[in-house]
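The values are calculated or read from the model by the stated rules, or taken from the named source; none is laboratory data. Just so it is clear, the structure is predicted and the values come from calculations on it, not from any experiment. Counting neighbours? That spans all protein chains shown, and the Cβs are built from the backbone with ideal geometry, glycine included.
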C-alpha cells in the first residue's frame with residue numbers, strides 16, 4: 001500500500017493511502033526561480049499606491065512590522081531587499097526598527113529573532129511588541145463602534161510605517177495578513193480583545209456571527225473591526241507573501257494596505273480552497289512546524305479539516321504542540337462543558353484564547369476528534385478529544401466510529417488547505 005508523508009513537528013509520519021483514499025492537496029504553483037526578481041518586481045509596481053521611491057524621504061525614521069515565529073512569512077528573504085532599497089533612498093540602518101507583531105503572544109528568543117530577520121540580525125534594531133506595556137502604547141481613540149485603539153508607540157511615532165506578513169486563511173477573521181499586522185499585531189491587549197469580540201452576534205441573537213468564518217472578508221464583522229482599527233495608523237506600504245506548503249514564497253504583493261492584502265487573499269483562495277466530496281474520516285496534519293508549535297496555532301488545521309467531514313464524522317489531527325497550548329489561560333476555559341455557559345462567560349470576560357477554546361469545544365461536540373500530540377490523556381479528554389500515541393492507534397480508535405467502508409481523506413497541509421465539501425453551509 002502506498003503512503004503519504006505527514007508533518008508532525010519536525011518529524012514525518014507515514015500515513016497509509018490506498019486507491020480508495022483521497023489525498024487533498026493545494027493546487028500547484030511553481031515557486032519563482034529568481035526570488036529576488038519577484039520581490040523587486042512587486043516593490044517596483046505596487047498596488048494602489050506609488051512605489052517607495054515616491055513615498056520615502058531621506059532622513060526619515062522607518063518602522064517595519066513583521067510576524068513572530070508562529071507565522072512564517074519568508075521575512076528573511078524580503079526584509080534584506082527592503083532594507084537595501086531603503087538605504088538607497090537615504091534611510092540609514094540606525095533610522096530603521098523592525099517591530100515583531102506579537103499581538104498577545106510570548107516574547108521571542110534570540111534564536112527566533114535571528115530566524116525572522118535573517119542576515120539583518122545585529123545590524124537592524126529588532127524589538128518585540130508588548131501588548132501590556134502601558135508606557136509603550138499610544139491611545140488613538142475609539143472606532144465608530146467604540147473599540148478602544150491603542151498601538152505600539154514606535155509604530156505610531158515613526159515617520160514611515162511598512163507592514164509585512166503573509167496572507168493565509170483565518171478561522172474567524174477570514175484571512176490573516178494585511179491589517180492583522182497592526183491589529184492585533186502591535187495593539188494593546190484591550191484592543192486585541194475588543195476587535196476579536198466582534199465574532200459574536202449581539203446578545204439578543206446569541207451565537208457566532210455567520211460571516212465570521214474562514215475565507216470570508218465581505219460582511220465579516222471581525223475583518224471590519226480589525227480594518228477600522230488598523231486605519232487609525234494607516235501604513236505607508238504593505239508587503240504580503242503567499243507561501244507554498246514547503247514555506248517557499250510563491251508570490252509577493254505590495255502596495256496599499258487593502259489593495260495588496262486583497263490581491264494576496266485572492267491568490268490564497270485560488271491555491272488553497274479545494275473542493276471534495278464529504279468524508280467519514282479526515283486524517284489531517286497541520287503541516288508540521290511551526291504550524292503545530294502550539295494548540296492555538298494547530299486549531300486552524302482542525303477548523304479547516306472538519307469542513308471535509310459529513311456531520312458527526314471523525315478527524316485524526318496530528319499536532320505536536322511542543323510549546324503546549326500557546327497561552328497560559330487557554331486550557332482553563334474547558335471548565336465549561338456546554339456551549340451556552342461557555343458563550344456567556346466569554347461575553348462577560350472575553351479573551352481571544354477563550355474564543356479559540358470555545359471553537360475547539362464546539363467542534364468536539366459535533367465531531368469525533370482523535371488528537372496525536374504531546375498532551376496527556378487527561379488534558380486531551382478535558383478538551384473533548386480522544387488521545388492517541390500514534391497514527392496506528394488513532395486509526396484503531398477511529399474504526400469504532402466509522403461505517404464499514406468509510407470515505408477517507410488525507411490532508412497533509414491542513415494548516416493551509418480549506419476543504420469545500422457539499423455539506424458546508
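For segment 137-148, check the following and say yes or no: at least one residue is crowded, with 17+ Cβ neighbours inside 10 Å, outside any helix (DSSP H, G or I), out of contact with any helix residue (DSSP H, G or I) (no Cβ under 8 Å at 6 or more places or on another chain) and in contact (Cβ under 8 Å) with a residue 12 or more places away in the chain. Checked segment 137-148: no residue is crowded, with 17+ Cβ neighbours inside 10 Å, outside any helix (DSSP H, G or I), out of contact with any helix residue (DSSP H, G or I) (no Cβ under 8 Å at 6 or more places or on another chain) and in contact (Cβ under 8 Å) with a residue 12 or more places away in the chain.
Which residues, taken from segment 277-298, are surrounded by fewer than 24 Cβ atoms within 10 Å (Cβ to Cβ) and either outside any loop (DSSP other than H, G, I, E, B) or free of Cβ contacts under 8 Å to residues at least 24 places away in the same chain (or both)? Once the filter is applied, which keeps residues that are surrounded by fewer than 24 Cβ atoms within 10 Å (Cβ to Cβ) and either outside any loop (DSSP other than H, G, I, E, B) or free of Cβ contacts under 8 Å to residues at least 24 places away in the same chain (or both), segment 277-298 yields 280, 296, 297.
Looking across 85, 106, one residue alone is over 19 Å from the mean Cα position of the chain (by Cα) and either closer than 19 Å to residue 126 by Cβ or in a strand (DSSP E or B) (or both). It is 85. Residue check: residue 69 meets all listed conditions (1) modelled with pLDDT under 95; (2) surrounded by fewer than 16 Cβ atoms within 10 Å (Cβ to Cβ) but one, namely (2). Does residue 37 count as surrounded by fewer than 13 Cβ atoms within 10 Å (Cβ to Cβ), in contact (Cβ under 8 Å) with a residue 40 or more places away in the chain and over 21 Å from residue 289 (Cα atoms)? Taking the combined requirement at face value, the residue does not satisfy it. Go through (1) buried (at least 18 other Cβ atoms within 10 Å of the Cβ); (2) farther than 21 Å from residue 250 by Cβ; (3) not assigned by TED's automatic domain parsing to the domain that holds residue 167 one by one and return the number of the condition residue 7 breaks. That leaves (2) as the condition not met.
What are the residues in segment 40-64 that are free of Cβ contacts under 8 Å to residues at least 40 places away in the same chain and either surrounded by 13 or more Cβ atoms within 10 Å (Cβ to Cβ) or on the phi > 0 side of the Ramachandran plot (or both), if any? Result: 41, 51, 59.
Taken over segment 243-262, the residue count meeting the criterion of being within 18 Å of the chain's Cα centre (by Cα) and closer than 30 Å to residue 200 by Cβ is 5. How about segment 302-331: which of its residues are closer than 10 Å to residue 292 by Cβ and in contact with a strand residue (DSSP E or B) (Cβ under 8 Å, 6 or more places away or on another chain)? If the condition is that a residue be closer than 10 Å to residue 292 by Cβ and in contact with a strand residue (DSSP E or B) (Cβ under 8 Å, 6 or more places away or on another chain), then 317, 318, 319, 320 are the ones that fit.
Scanning segment 245-264 for residues that are at negative phi and at pLDDT below 95 yields 245, 246. Considering only residues of segment 14-28 that are assigned to a strand (DSSP E or B) and farther than 16 Å from residue 276 by Cα, which is modelled with the lowest pLDDT? Among those that are assigned to a strand (DSSP E or B) and farther than 16 Å from residue 276 by Cα, it is 16. Only a single criterion out of (1) touching a helix residue (DSSP H, G or I) at 6+ places or on another chain (Cβ under 7 Å); (2) in a loop (DSSP other than H, G, I, E, B) is not satisfied by residue 315, namely (2).
Here is a yes/no grid of residues against (1) touching a residue at least 60 places away in the same chain (Cβ under 8 Å); (2) in the same structural domain as residue 210 (by TED's automatic domain parsing); (3) closer than 26 Å to residue 251 by Cβ:
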residue	(1), (2), (3)
80	no, yes, yes
86	no, yes, yes
98	no, yes, yes
109	no, yes, no
123	no, yes, no
150	no, yes, no
154	yes, yes, no
173	no, yes, yes
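Screening residue 193 with (1) at pLDDT below 95; (2) more than 26 Å from residue 347 (Cα to Cα); (3) more than 16 Å from the chain's Cα centre (by Cα) gives one miss only, at (2).
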